[in-house]
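S.K.: Provided herewith is a single structure, encoded as structure tokens, for subsequent inquiry.
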Amino acid sequence: MLSGIILEYEKGGFLRTKSIDLLDLTPECVNELVEEIRQSEPLVTKAQADQVKQLVIRLQKKQTQQDHHRFCFSKELKAHILPLTNVAFDKSGSRFITGSYDRTCRVWDTASGTELHVLEGHRNVVYAIAFNNPYGNKIATGSFDKTCKLWCAETGKCFHTYRGHMGEIVCLAFNPQSTLVATSSMDTTAKLWDVESGEEVATLTGHTAEVLSLCFNTVGSQLVTGSFDHTVAIWDVASGRRVHTLIGHMGEISNTQFNWDCSLIVTGSMDKTCKVWETVSGKCVATLTGHKEEVLDVCFDLSGQLIATASADGTARVFSTATHQCLATLEGHDGDISKICFSPQGTRVLTASSDKTARLWDAHSGVCLQVLEGHTDEIFSCVFNYEGDTIITGSKDNTCRIWY
């Protein structure tokens, strides 16, 4: 993560994780912070203190990098004969994957645009796709054939086919440790699957309508699911038990996400609002209003200080997580905005629209910095690589475009 360190350690035979947030540090604080980490964290010995200091400085530099990059169109890939469904990067950004109605997932080399593998075997649309970042050695695909498949990213070989859902799989995610895959389905459930054994670990039941979004927290201890039943559920991953049901939205949930330190959850809904919830209590701490139509996507920046919302009203908004104030309204698209994301540094916002363009905005002023043009149909997917210097857009025109 760009905004913190996660320490992994073993205690009582269990692998545990602890996150330390590194934002808002002045250079003078770094030595004090490293000393504080060392005092409060027996895992960090004196010998490792210098290593931690270098890490803090590197992360700080990353965080404060001035982002004047202008993206240029690099290449167009006629990725599939039938429409694309999703695109996803590995952590380094050197490879990306595309899912399609043609029942395949394809693995691509970003720099050359060459196809590395075709992952074949699903009997219907491949809709949900992901790399097991940060490792990038496995790929999961979820399909309308009601199965999820796990693949070797290096060879394209299928390791496991996860069977058990009674409806189309529409969303999936690896946990941060890459030991579990979570899937959500039109059958009103989410499931957890073991990466090693290929077995089902848990079925998360309780929603009364399709489950269309899910997200692990940063340490993998909790999962949040958003449903068309207007509710959001927080689940304890280890036991598969529901911890909280977040009730308050008056419409279907379009997306849901944890912030970096796992303390908050943001949800977007067809009721035209976005809500911020406290993870521990399950209480709604804010309702973010202003959109005139459905909120189709929502996300935190990596630091968790900003929230971006995308709407069918053709605008996007940036809110302060702390004050819940709208900081900027991003106006200029001529159609629904279905996807929104921050650059890793948090200084830019990227949006994808049905007006056939993607746009890059200044996150703080709301000024449109660039229009990425060239697609001939609706753009439904836009992603940054981890460095923030490459963008991929996916469109209903059956192509994806690489922008450097």
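S.K.: Can you tell me which of (1) assigned to a loop (DSSP other than H, G, I, E, B); (2) open to solvent by 20 Å² or more (accessible area, probe 1.4 Å) is the one residue 369 doesn't meet?
M.R.: (1)
S.K.: With respect to residue 229, determine if the residue is out of contact with any strand residue (DSSP E or B) (no Cβ under 8 Å at 6 or more places or on another chain), open to solvent by 10 Å² or more (accessible area, probe 1.4 Å) and assigned to a loop (DSSP other than H, G, I, E, B). Can you show your working first?
M.R.: Numbers: out of contact with any strand residue (DSSP E or B) (no Cβ under 8 Å at 6 or more places or on another chain): yes; open to solvent by 10 Å² or more (accessible area, probe 1.4 Å): yes; assigned to a loop (DSSP other than H, G, I, E, B): yes.
So residue 229 passes the test.
S.K.: Can you tell which of 298, 383, 349 is open to solvent by 20 Å² or more (accessible area, probe 1.4 Å), within 17 Å of the chain's Cα centre (by Cα), among the β-branched types (Val, Ile, Thr) and within 26 Å of residue 84 (Cβ to Cβ)? Spell out how you get there, then give the answer.
M.R.: Details: 298 fails: open to solvent by 20 Å² or more (accessible area, probe 1.4 Å); 349 fails: open to solvent by 20 Å² or more (accessible area, probe 1.4 Å).
Unique residue meeting the criteria: 383.
S.K.: Go through 99, 121 for me and flag whichever is at positive phi and either surrounded by 19 or more Cβ atoms within 10 Å (Cβ to Cβ) or modelled with pLDDT of 95 or more (or both). So that I can check it myself, show each step before the final result.
M.R.: Details: 99 fails: at positive phi.
Of 99, 121, the one residue that is at positive phi and either surrounded by 19 or more Cβ atoms within 10 Å (Cβ to Cβ) or modelled with pLDDT of 95 or more (or both) is 121.
S.K.: Now for a different question. Evaluate the following for residue 11: is it under 30 Å from residue 394 (Cβ atoms) and modelled with pLDDT under 75?
M.R.: Values: under 30 Å from residue 394 (Cβ atoms): no; modelled with pLDDT under 75: yes.
When the stated conditions are applied, residue 11 does not pass them.
S.K.: So if I check each of 201, 232, which one is under 18 Å from the mean Cα position of the chain (by Cα) and over 30 Å from residue 387 (Cβ atoms)? Before the answer, list the steps.
M.R.: Numbers: 201 fails: under 18 Å from the mean Cα position of the chain (by Cα).
Step by step, each of 201, 232 is checked, and only 232 is under 18 Å from the mean Cα position of the chain (by Cα) and over 30 Å from residue 387 (Cβ atoms).
S.K.: Another question, if that's okay. Need pairs with beta-carbon distance below 8 Å; first residue outside any loop (DSSP other than H, G, I, E, B) and modelled with pLDDT of 95 or more and within the stretch 130-141, second surrounded by 21 or more Cβ atoms within 10 Å (Cβ to Cβ) and among the acidic types (Asp, Glu); sequence gap 6+ or separate chains.
M.R.: Once the first residue is outside any loop (DSSP other than H, G, I, E, B) and modelled with pLDDT of 95 or more and sits in the stretch 130-141, its partners that are surrounded by 21 or more Cβ atoms within 10 Å (Cβ to Cβ) and among the acidic types (Asp, Glu) give 131/90.
S.K.: Condition test on residue 197, is it within 27 Å of residue 344 (Cα to Cα) and either out of contact with any Gly (no Cβ under 6 Å at 6 or more places or on another chain) or in a loop (DSSP other than H, G, I, E, B) (or both)?
M.R.: Numbers: within 27 Å of residue 344 (Cα to Cα): no; either out of contact with any Gly (no Cβ under 6 Å at 6 or more places or on another chain) or in a loop (DSSP other than H, G, I, E, B) (or both): yes.
Answer is no for this residue.
S.K.: From the list 157, 91, which one is farther than 19 Å from residue 341 by Cα and among the charged types (D, E, K, R)? Outline the logic, then answer.
M.R.: Values: 91 fails: farther than 19 Å from residue 341 by Cα.
Exactly one residue qualifies, and that residue is 157.
S.K.: Before we move on, is residue 365 among the small types (Gly, Ala, Ser) and under 21 Å from the mean Cα position of the chain (by Cα)? Steps first, please.
M.R.: Values: among the small types (Gly, Ala, Ser): yes; under 21 Å from the mean Cα position of the chain (by Cα): no.
No.
S.K.: Output the strands (runs of 3 or more DSSP E) that fall wholly within the stretch 246-356 and possess 1 or more residues being closer than 22 Å to residue 232 by Cβ and of a type in the set (Phe, Trp, Tyr), or say none. Explain how you work it out, then say what you get.
M.R.: On the way: elements: 253-258, 264-269, 274-278, 284-288, 295-300, 306-311, 316-320, 326-330, 337-342, 348-353.
Per the criteria, 253-258, 274-278, 295-300, 316-320, 337-342.
Quick grid of which residues meet (1) buried (at least 20 other Cβ atoms within 10 Å of the Cβ); (2) more than 24 Å from the chain's Cα centre (by Cα); (3) within 21 Å of residue 395 (Cβ to Cβ):
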{"residue": "43", "(1), (2), (3)": "no, yes, no"}
{"residue": "46", "(1), (2), (3)": "no, yes, no"}
{"residue": "81", "(1), (2), (3)": "no, yes, yes"}
{"residue": "84", "(1), (2), (3)": "yes, no, yes"}
{"residue": "89", "(1), (2), (3)": "yes, no, yes"}
{"residue": "94", "(1), (2), (3)": "no, no, no"}
{"residue": "105", "(1), (2), (3)": "yes, no, yes"}
{"residue": "109", "(1), (2), (3)": "no, no, yes"}
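S.K.: Looking at 312, 328, 308, 322, which one is at pLDDT 95 or above, within 18 Å of the chain's Cα centre (by Cα) and not hydroxyl-bearing (Ser, Thr, Tyr)?
M.R.: On the way: 312 fails: within 18 Å of the chain's Cα centre (by Cα); 328 fails: within 18 Å of the chain's Cα centre (by Cα); 322 fails: within 18 Å of the chain's Cα centre (by Cα).
Of 312, 328, 308, 322, the one residue that is at pLDDT 95 or above, within 18 Å of the chain's Cα centre (by Cα) and not hydroxyl-bearing (Ser, Thr, Tyr) is 308.
S.K.: Give the number of residues within the stretch 189-209 that are closer than 25 Å to residue 248 by Cα and surrounded by fewer than 20 Cβ atoms within 10 Å (Cβ to Cβ). If you could, list the steps in order and put the result at the bottom.
M.R.: Our first condition is that a residue be closer than 25 Å to residue 248 by Cα; within the stretch 189-209, this holds for 189-191, 203-209.
Next, from what is left, pick out any that are surrounded by fewer than 20 Cβ atoms within 10 Å (Cβ to Cβ): 203, 205-206, 208-209.
Here the count works out to 5.
S.K.: Mind listing just one residue for me: the one in the stretch 208-226 that is β-branched (Val, Ile, Thr) and part of a loop (DSSP other than H, G, I, E, B) and, of those, nearest to residue 190 (Cα to Cα)?
M.R.: Kept after step one, since they are β-branched (Val, Ile, Thr), are these residues of the stretch 208-226: 208, 211, 218-219, 224-225.
Checking the rest, the ones that are also part of a loop (DSSP other than H, G, I, E, B) come to 208, 218-219.
Numbers: 208: 12, 218: 19, 219: 19 Å.
For the stretch 208-226, the residue satisfying everything is 208.
S.K.: Of the residues 70, 58, only one is surrounded by fewer than 20 Cβ atoms within 10 Å (Cβ to Cβ) and free of Cβ contacts under 8 Å to residues at least 12 places away in the same chain; which? Walk me through how you get there before you give the answer.
M.R.: Details: 70 fails: free of Cβ contacts under 8 Å to residues at least 12 places away in the same chain.
Testing whether each residue is surrounded by fewer than 20 Cβ atoms within 10 Å (Cβ to Cβ) and free of Cβ contacts under 8 Å to residues at least 12 places away in the same chain leaves just 58.
S.K.: Looking at residue 331, is it surrounded by fewer than 17 Cβ atoms within 10 Å (Cβ to Cβ) and in contact with a Phe, Trp or Tyr (Cβ under 9 Å, 6 or more places away or on another chain)?
M.R.: Details: surrounded by fewer than 17 Cβ atoms within 10 Å (Cβ to Cβ): yes; in contact with a Phe, Trp or Tyr (Cβ under 9 Å, 6 or more places away or on another chain): no.
No; evaluated as a whole, the condition is false for this residue.
The values are calculated or read from the model by the stated rules, or taken from the named source; none is laboratory data. The structure displayed is predicted, hence computed values, not measured ones. Neighbour counts run over all protein chains shown; Cβ positions are idealised from the backbone, glycine included. Side chains included, ligands, DNA and RNA excluded: accessible areas come from the protein's heavy atoms. Shrake-Rupley method; radii C 1.70, N 1.55, O 1.52, S 1.80 Å.
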